[in-house]
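Readers should treat all values here as calculations from the given coordinates under stated rules, not as data from a laboratory. Predicted, not measured: the structure shown is a model, and the values here were computed from it. Cβ: placed from backbone, ideal geometry, glycine included. Neighbour counts: every protein chain shown.
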Amino acid sequence: MYSFFICGYSAEMKKLAESFVHKFLTPVALVVALISPSIAQTTAEWQNMVNALEASVAAASDNNIRMSIGVAGLAGVNDDAMVLLGSSESYPPASTIKMLLIATLMHQVDAGMLSLDDTTTVEQSDIVGGYGEIQNELVPNEVTLRRLAQLTVTVSDNTATNVLVDVVGYDAMQALADTLELQDMQFGRKMFEAATPPAKENYITAADSIKLLKAIYDGEFLSESSRQTVIDWMSAQTVKTKIGAGIPADVPIAHKTGENASVTHDLGYILWPGNEVALAIFAQSEETDDFDTVQATVNPVVAEVAGIIYEHLSAAVAP
């Protein structure tokens, strides 16, 4: 497991850093710090947060939990600051990969290829288990793309997700990932579909997730309306066992969770007005893939990390 953090540096520095990590560090190395001139512009609270998160990654490793953390300042005093900590390797993404699907859908809406008011038919062959509402409704079922997308984000509806995949297409998701230079993120198979790695498998990293979150927030590839729609859906997330458990209930957040077997993840935004922050927390048990055990033991670790981010960066928020 390679671990490192990055705070706003050039592409050349990144290549040099990655070369150093892979050439000289052993898998048990914990932290490599690269400091560019931009780190001087971050607040003391930001650096204190980084120190506390480093300790969390090390403690998780001691407890056989592989963890990756990404935090990016989107506005305010820590604008453009970014840190990546923990494992640089990809994770089984569970439902967090659905954000690439939603981003691609809204990109197609902005291009005039689709409308959220378009409908598609859910057939019996589309129904899958796990989380969701659509699976409990009579088929054939005519459903708008808006409802499918909203359910995909808010309740992680697996049937809605799979129907949207047919509408949006794998090629379109990969094209957007390529445009955004997401190096590892891939949506290669539907929910509960048999995996045939590497082509038909799903992958995610903290680095790519932060890049996608920043691109959504900045409206890099979305209209203002579509950008806000995505954030509104994420704000209505119903799962509160991860980021939602680590941040006070009165703090506005927008996020997408994912959990399956050995992993439990969460990515999204803390929406302090004028001091918005993107965060991505990925965790995988290296001891067990028993779902209930992982949720009971690893969710609190994810929540604790979210709490550290909140505790340190909330000081920069005006009362």
Of the listed values (1) 56, 41, 38; (2) 159, 72, 30; (3) 53, 49, 35, grab the one calculated as Cα extents along the principal axes in Å from the structure here. (1)
How would you rank LEU151, LEU138, going from fewest to most other Cβ atoms within 10 Å of each one's own Cβ? LEU138, LEU151
The exposure ranking of LYS190, LYS211, fewest beta-carbon neighbours within 10 Å first, is LYS190, LYS211
Report, to the nearest 10°, how far helix 145-154 tilts away from the longest principal axis of the Cα atoms in the chain, using its own Cα long axis and a range of 0 to 90°. 40
Would you mind checking the tilt of helix 158-168 against the longest principal axis of the Cα atoms of the chain, expressed as 0 to 90 degrees and rounded to 10? 80
Sites GLU224 and ALA194, calculated FRET efficiency, Cβ-Cβ separation with R0 35 Å, nearest 0.05: 0.30
List the residues whose amide H sits under 5 Å from the amide H of GLN237, counting only those 5 or more places along or on another chain, with H placed 1.01 Å from N in the peptide plane. HIS255
How big is D for segment 94-203, in µm² s⁻¹ as a whole number, if Stokes-Einstein is applied with the Kirkwood radius of its Cα pairs at 25 °C and 0.890 mPa s? 175
Mean Cα-pair separation over length for segment 94-203, i.e. relative contact order, pairs under 8 Å, 6 or more apart, %: 27
Identify the residues of segment 246-264 with backbone N under 15 Å of a label point that sits 7 angstrom from the Cα of THR288 along the Cα-to-Cβ direction, or state none. 260-264
Cα-centred dipole magnitude for segment 94-203, charges only on beta-carbon of K, R (+1) and D, E (-1), debye, nearest 20: 200
Residue separation between ALA59 and ALA296 times 0.36 nm, minus their alpha-carbon distance, gives in nm 83.6 nm
Need the full-extension length gain, ALA261 to THR238, defined as separation in residues times 0.36 nm minus the C-alpha distance. One decimal, nm. 6.3 nm
